[in-house]
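The values are calculated or read from the model by the stated rules, or taken from the named source; none is laboratory data. Predicted, not measured: the structure shown is a model, and the values here were computed from it. Using ideal geometry, Cβ is built from the backbone for each residue, glycine included, and neighbour counts are taken over all protein chains shown. To get the accessible areas, we keep the full protein, side chains included, count just its heavy atoms, and leave off ligands, DNA and RNA. Shrake-Rupley method; radii C 1.70, N 1.55, O 1.52, S 1.80 Å.
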Amino acid sequence: MSVERLKQEVQNLRIETEENGVWTITLARPAKRNALDSHTVEEMVEVFSKAGRLGAKAIVLAAEGDHFCAGLDLIEHHDADRRPEDFMHLCLRWHEAFNKMEYGGVPIIAALKGAVVGGGLELASAAHIRVADHGTYFALPEGQRGLFTGGGATIRVADLVGKARMVDMMLTGRVYKGLEAVDVGLAQYLVEDSMVTARELAARSADNLPLTNFAICSAISHMQNMSALDAAYAESVVAGIVNTQEPARARLKAFADKTAARVRPE
Ligand code: 1HE
């Protein structure tokens, strides 16, 4: 499968690739506020399974229209009148897509705007960096819709904001935005233009060695799932491989030669 073929295969996502290895994957159902229907979820499984192997060094996850993502396609869900096992299997496909993102080893930077709600927040929380603008707002309206989260919020959103805040968001429909959203951990950046900043962060990430990024964007998440003892062991194994990789030698030499950039506060 080539990148060009993948680009042609998807309908609800748009894929753009740049010379520096940065891909932009755009949710492209703005008329439906980028609500995630089952077809879009399948496209995400496909794209995020293949991006790393097809050369993506970093990914900007963007959205067409005024809103990042309105979550589960409520109209499809209403019309499908699903049985419990149907919805369980659908959730497992959401997990497949979002696990490919979180554990796939390619940095994903979400350029957020407008509504990042319900399953849209579950999607955003599977990215490695979240960039919000001043119009971005976060909520889990499942409680008010008679629903429950099914795309990993109980793990990833709870991880970002803590259990008490997540419960409050679901019980009361509380909406977070602006600096408060950053303070509680829903976004790491609050900027004028989330797309511009996400592209900058992606380009910067793509300059790292791919194996280093793989460890950052896969091993850390895996280690969070382990006991401290096992995580420390796994960390030593990953560091053994990453920290002795051949391409790192030139970077270490540059430091020793005093030609490499120093860490400065500006
Ligand atoms: C949708 C959806 C959707 C919009 N499914 N079609 N998610 C929610 O509860 C969010 C529901 N959506 C909203 O609250 C609002 O639509 C928005 C704040 C996102 C945007 O408002 P607005 O005024 O710009 O748009 P709108 O007029 O509400 O909707 C425009 C169209 O998008 C309209 O379709 P149209 O064919 O009548 O034009 C809407 O039906 C459609 N649309 N949101 C389907 N979500 C794995 S479990 C995950 C659990 C959940 O995610 S629960 C869902 C939570």
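Structure notes:
- Within the set G52, G65, the sole residue that is more than 18 Å from the chain's Cα centre (by Cα) and within 19 Å of I15 (Cβ to Cβ) turns out to be G65.
- The listed residue being in contact (Cβ under 8 Å) with a residue 60 or more places away in the chain, in a helix (DSSP H, G or I) and either within 18 Å of P107 (Cα to Cα) or of a type outside the set (A, V, I, L, M, F, W, C) (or both), out of A202, A187: A202
- Any hit, region 70-80, residues being within 12 Å of the chain's Cα centre (by Cα), open to solvent by less than 50 Å² (accessible area, probe 1.4 Å), under 25 Å from T197 (Cα atoms) and at pLDDT 95 or above: no
- Residue ID - nearest to L27 (Cα to Cα), chosen from residues in region 114-173 that are among the acidic types (D, E) and within 10 Å of the ligand (Cβ to nearest atom): E122
- Restricting region 62-74 to residues that are hydrophobic (A, V, I, L, M, F, W, C) and touching a Ser or Thr at 6+ places or on another chain (Cβ under 8 Å) leaves a set whose member that is nearest to the ligand (Cβ to nearest atom) is F68.
- When the test is whether a residue is away from the ligand (no atom under 16 Å from the Cβ) and either open to solvent by 20 Å² or more (accessible area, probe 1.4 Å) or at pLDDT 95 or above (or both), T197 passes it.
- Qualifying residue in region 31-53 (condition: among the aliphatic types (A, V, I, L, M) and more than 15 Å from the ligand (Cβ to nearest atom)): yes
- Scanning region 28-57 for residues that are under 11 Å from M101 (Cα atoms) and open to solvent by less than 30 Å² (accessible area, probe 1.4 Å) turns up M44, V45, V47, F48, A51.
- Pairs with Cβ under 8 Å, 6+ apart, first in region 98-123 and closer than 14 Å to S218 by Cα and open to solvent by less than 10 Å² (accessible area, probe 1.4 Å), second within 16 Å of the ligand (Cβ to nearest atom) and acidic (D, E): F98/E122
- Where M169 falls short, out of the listed (1) assigned by TED's automatic domain parsing to the domain that holds K57; (2) in contact (Cβ under 8 Å) with a residue 40 or more places away in the chain; (3) part of a helix (DSSP H, G or I); (4) buried (at least 18 other Cβ atoms within 10 Å of the Cβ): (2)
- Residue satisfying all of: in region 141-166; out of contact with any helix residue (DSSP H, G or I) (no Cβ under 8 Å at 6 or more places or on another chain) and not in a loop (DSSP other than H, G, I, E, B); surrounded by the fewest Cβ atoms within 10 Å (Cβ to Cβ) among these: A164
- Number of residues in region 77-87 that are without any contact (Cβ under 8 Å) to a residue 40 or more places away in the chain and either small (G, A, S) or within 12 Å of the ligand (Cβ to nearest atom) (or both) equals 5.
- Among the residues of region 209-266, those that are open to solvent by less than 40 Å² (accessible area, probe 1.4 Å) and not in a helix (DSSP H, G or I) comprise L209, Q245, A260.
- Odd one out for A181 among (1) within 23 Å of A63 (Cα to Cα); (2) exposed (fewer than 15 other Cβ atoms within 10 Å of the Cβ); (3) not aromatic (F, W, Y): (2)
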